[in-house]
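The values are calculated or read from the model by the stated rules, or taken from the named source; none is laboratory data. For clarity, every value in this text was computed on a predicted model and none was experimentally measured. Positions of Cβ are generated from backbone atoms using ideal geometry, with glycine treated the same way; all protein chains shown enter the neighbour counts. Each accessible area value is taken on the protein alone, full model and side chains, heavy atoms only, with ligands, DNA and RNA left out. Shrake-Rupley method; radii C 1.70, N 1.55, O 1.52, S 1.80 Å.
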Amino acid sequence: MTEPISPRHLLKDTDLSSGQIQHLLDVASRLKSERREGHEQRRLIGTNLALLFEKASTRTRAAFEIAIYEQGGNCTYIDPASSHVGVSESIEDTAKVLGRFYDGIAFRGFEQADVEAIASAAGVPVWNALTDQWHPTQALADLLTMSESMASPLRERSVCFLGDGHDNVANSLMVSGALLGMDVRIACPATLRPDEGVVAAAQLDAAVSGGSVLVTDDIDVAISGADFLYTDVWVSMGEARERWAERIPLLRPFRIDASMLGRTGNPGVKFLHCLPSIHDRHSQLGQELFADYGLDGAEVSDEVFRSPQSLVFDQAENRLHTIKAVVVGSLTRLEQA
Ligand code: CP
Ligand code: NVA
């Protein structure tokens, strides 16, 4: 059986083919142009979608909501504070109920097994809006942003992720970048390497696509000539606050500042971050990290975050267009969209 050009579910990057990723990026670009030019078609009229979120979100929630509204659909935001999910009702029962009401479910939570259980039980398309292991809608926005910022194709470009190499954003970037033939490098301490199974999957994809995957604790090897430097928070949602005490000394050498950009040797290097970011003291966590550890910003300096090389707000905007492509792709026949 030939694979569908748009996947029904989006659960993890390793489920996708390079053709499916490229198709979603093409559709996202088309939807972005339609919106900008003021002639967006409404393909989700009569569609009701559930956003089931167990963790906080600004971008992902807003992107799903606006994507759905702009396409003429409706959505309901559901979280543990105002529903029974995970508290007095299992994920499986919740999924079965939501599947009777809604045409699709976006889920943000802790365990990857939970989003997979929802997809098995609900009977409607399910999209992973972030788990501890994967953040596939983020990677789509990252790829779109990188491709928009360069004249040449992504398979001729390199991206280096620095920091917590085993987090969800690093996993999704590594696998999806490898599928599209990018030169992907992960620079991280030996204790924060991605799971070997994920690295092996990405390396297999790279062998087919002509890309490459390198995981190393040698920062200068990893960043040499890179087109993009990418980082994420040093302690992710769901991890204990105490993790900061061990991660700060471990990850301080991986902080992206102006000298790190210079060490790439590429004067055109660009900066990426999924956000939210600790780049100054203008948040509660930023203030606490300064008070407790003397850190003024963590994974990236304020200077780089705000620099012309920084693509972070283009990335954030592209969450909308790529999530719209994912939802429209799952629920409609995209080739007719
Ligand atoms: N990048 C991202 O997923 O942001 P939110 O946590 O705000 O959704
Ligand atoms: N790794 C981060 C990503 C946030 C978008 C987290 O899981 O908290």
Just checking, how many residues over the range 126-162 are part of a helix (DSSP H, G or I) and among the basic types (Lys, Arg)?
1
When the residues of the range 238-284 are narrowed to those that are among the aliphatic types (A, V, I, L, M), open to solvent by less than 60 Å² (accessible area, probe 1.4 Å) and in a helix (DSSP H, G or I), which ends up nearest to ligand 1 (Cβ to nearest atom)?
LEU251
LEU44 vs. criteria modelled with pLDDT of 95 or more, in a helix (DSSP H, G or I) and closer than 13 Å to VAL326 by Cα
no
If I filter the range 213-237 down to residues being in a loop (DSSP other than H, G, I, E, B) and more than 11 Å from ligand 2 (Cβ to nearest atom), which single residue comes out as surrounded by the most Cβ atoms within 10 Å (Cβ to Cβ)?
ALA226
Those residues of the range 290-316 that are within 17 Å of SER149 (Cβ to Cβ) and either aliphatic (A, V, I, L, M) or touching a Cys at 6+ places or on another chain (Cβ under 6 Å) (or both) come to a total of 4
Determine, yes or no, whether LEU192 is more than 16 Å from ligand 1 (Cβ to nearest atom), open to solvent by less than 20 Å² (accessible area, probe 1.4 Å) and farther than 19 Å from LEU140 by Cα.
yes
Any hit, the range 3-16, residues being over 28 Å from ASP167 (Cα atoms) and touching a Lys or Arg at 6+ places or on another chain (Cβ under 7 Å)
no
Quick check on the range 190-205. Is at least one of its residues in contact with a Phe, Trp or Tyr (Cβ under 7 Å, 6 or more places away or on another chain) and not in a loop (DSSP other than H, G, I, E, B)?
no
Report, ordered by the first and then the second residue, all pairs with beta carbons closer than 7 Å, sequence separation of six or more or different chains, a first member in the range 58-79 that is over 15 Å from GLY46 (Cβ atoms) and in contact (Cβ under 8 Å) with a residue 60 or more places away in the chain, and a second member that is of a type in the set (Val, Ile, Thr) and within 13 Å of ligand 1 (Cβ to nearest atom).
THR60/THR137; ALA63/ILE323; PHE64/ILE323; ALA67/ILE323
Being more than 15 Å from HIS273 (Cα to Cα) and either within 16 Å of ligand 1 (Cβ to nearest atom) or not hydroxyl-bearing (Ser, Thr, Tyr) (or both) is the filter here, so list the residues in the range 150-176 that pass it.
MET150, ALA151, PRO153, LEU154, ARG155, GLU156, ARG157, HIS166, VAL175, SER176
Scan the range 40-82 for residues that are surrounded by fewer than 16 Cβ atoms within 10 Å (Cβ to Cβ) and of a type in the set (Ser, Thr, Tyr) and report the count.
5
Looking at GLN203, is it farther than 17 Å from THR231 by Cα and open to solvent by 10 Å² or more (accessible area, probe 1.4 Å)?
yes
What tally of residues in the range 126-157 results from selecting those that are open to solvent by 10 Å² or more (accessible area, probe 1.4 Å) and of a type in the set (Ser, Thr, Tyr)?
3
Condition first: modelled with pLDDT of 95 or more, within 16 Å of ligand 2 (Cβ to nearest atom), hydrophobic (A, V, I, L, M, F, W, C) and within 22 Å of the chain's Cα centre (by Cα). Can you find one or more residues in the range 290-300 that meet it?
yes
Take the residues in the range 96-125 that are in a loop (DSSP other than H, G, I, E, B) and within 16 Å of ligand 1 (Cβ to nearest atom), then tell me which one is most open to solvent (accessible area, probe 1.4 Å).
PHE110
Considering only residues that are touching a residue at least 60 places away in the same chain (Cβ under 8 Å), outside any strand (DSSP E or B) and open to solvent by less than 20 Å² (accessible area, probe 1.4 Å), which ones fall in the range 285-319?
ALA298, GLU299, LEU311, GLN315, ASN318, ARG319
Residues of the range 139-194 being within 14 Å of ligand 2 (Cβ to nearest atom) and within 13 Å of LEU25 (Cβ to Cβ), which ones?
ALA139, LEU140, ALA141, ASP142
Please determine whether any residue of the range 83-91 is polar (S, T, N, Q) and either at pLDDT 95 or above or within 19 Å of LEU320 (Cα to Cα) (or both).
no
